[in-house]
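Contents: one structure, followed by commentary.
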Amino acid sequence: MRDNALSEARSTLAAAFRWTARLNMHESVANHFSLALDADGRRFLINPNGRHFSRIRARDLLEIDADDPATMQRPDAPDPTAWGLHGAIHRACPHARCVMHVHSIHATVLASLADSRLPPIDQNCAMFFNRHVVDEGYGGMAFEEEGARCAALLADPKITTMVMGNHGVLVTGQSVAETFNRLYYFERAAETYIRALQTGRPLRILPDAIAEKTACEWEAYPAFAENHMRELITILRDEDSDFED
């Protein structure tokens, strides 16, 4: 990746961290975002260990190699669950260029239900129709063995979102903009579904054909994710944020 492209990648990923904190979708100094830098996805950026999302700057992001067994001996080693989960996904799923994992409130509520599927009850929920998988085999913290098990559930490039049962949510995409947009909309969709369940009234579920049509229309919507990210970056710059430092 050329220097200017790398610089832009770092800045855009840092902006995603900042905005995720602003939306209160982060959790303490946990949760991680990563972005592949080479064709096979083995080299990637990830947030440093123990850093709050609201303080992450472009220069803070670690560049690591998913195939380097000495990664966790580095003085700036990433969080072991970040290495276990994101390293496994970047090794096994080169199509997952960007990976974002959070314990956001509504997605985690969904992950705590006996049936954690997201039905297409509105336009936002339909974005994920036939495009999300539910991990029903939670085995503890996402160290290397657990990370490899989770990565296997993302082998199909069509599956871009994993509801991690008893855990949270993980989304993938081809870029920071696409992945952050997907993360944002999954949380919104999960909130709509949870609030609909709270009414106790019957759900209006879209027919499969219409849900699939709507999901395809979301995927083809011109520059939607890019425009979303551009606006967030513009707001941060207007506020003199130091995310690009």
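Nothing in this text is a laboratory measurement; each read-out follows from the coordinates by a stated rule. Nothing here was measured: the structure is a model prediction, and the numbers come from that model. Every residue, glycine as well, gets a Cβ built from its backbone with ideal geometry; the counts of neighbours run over all protein chains shown.
What the table below lists for this structure:
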| read-out | value |
| --- | --- |
| Residues satisfying the stated conditions in segment 204-241, i.e. farther than 18 Å from Phe180 by Cβ and surrounded by 11 or more Cβ atoms within 10 Å (Cβ to Cβ) | Ile205, Leu206, Asp208, Ile210, Ala211, Glu212, Lys213, Thr214, Ala215, Cys216, Glu217 |
| Test: residue in segment 177-195 that is among the hydrophobic types (A, V, I, L, M, F, W, C) and more than 30 Å from Ser11 (Cβ to Cβ) | yes |
| Among (1) assigned to a loop (DSSP other than H, G, I, E, B); (2) without any contact (Cβ under 8 Å) to a residue 12 or more places away in the chain, the one test that Phe243 misses | (2) |
| Test: Arg59 is more than 24 Å from Glu187 (Cα to Cα) and assigned to a helix (DSSP H, G or I) | yes |
| Residues that are of a type in the set (Asp, Glu), within 25 Å of Glu212 (Cβ to Cβ) and surrounded by 15 or more Cβ atoms within 10 Å (Cβ to Cβ), drawn from segment 135-166 | Asp135 |
| Qualifying residue in segment 97-109 (condition: in contact with a helix residue (DSSP H, G or I) (Cβ under 6 Å, 6 or more places away or on another chain) and over 19 Å from Met25 (Cβ atoms)) | no |
| Every residue from segment 167-184 that is aromatic (Phe, Trp, Tyr) and either buried (at least 24 other Cβ atoms within 10 Å of the Cβ) or within 15 Å of Arg117 (Cα to Cα) (or both) | Phe180 |
| Candidate set from segment 185-199 (those that are hydrophobic (A, V, I, L, M, F, W, C) and in contact (Cβ under 8 Å) with a residue 12 or more places away in the chain); member that is surrounded by the fewest Cβ atoms within 10 Å (Cβ to Cβ) | Ile194 |
| Condition met for His86 (under 30 Å from Ile205 (Cβ atoms), surrounded by 22 or more Cβ atoms within 10 Å (Cβ to Cβ) and not hydrophobic (A, V, I, L, M, F, W, C)) | no |
| Matching residues, segment 11-24, being closer than 25 Å to Cys93 by Cα and surrounded by fewer than 22 Cβ atoms within 10 Å (Cβ to Cβ) | Ser11 |
| Qualifying residue in segment 73-85 (condition: outside any helix (DSSP H, G or I), among the β-branched types (Val, Ile, Thr) and over 24 Å from Tyr185 (Cβ atoms)) | no |
| Criterion: free of Cβ contacts under 8 Å to residues at least 60 places away in the same chain and aromatic (Phe, Trp, Tyr) - qualifying residue of Phe33, Phe44 | Phe44 |
| Subset of segment 200-224 that is free of Cβ contacts under 8 Å to residues at least 24 places away in the same chain and not in a helix (DSSP H, G or I) - its residue that is nearest to His106 (Cα to Cα) | Gly200 |
| Count of segment 26-44 residues which are assigned to a strand (DSSP E or B) and either among the basic types (Lys, Arg) or crowded, with 22+ Cβ neighbours inside 10 Å (or both) | 7 |
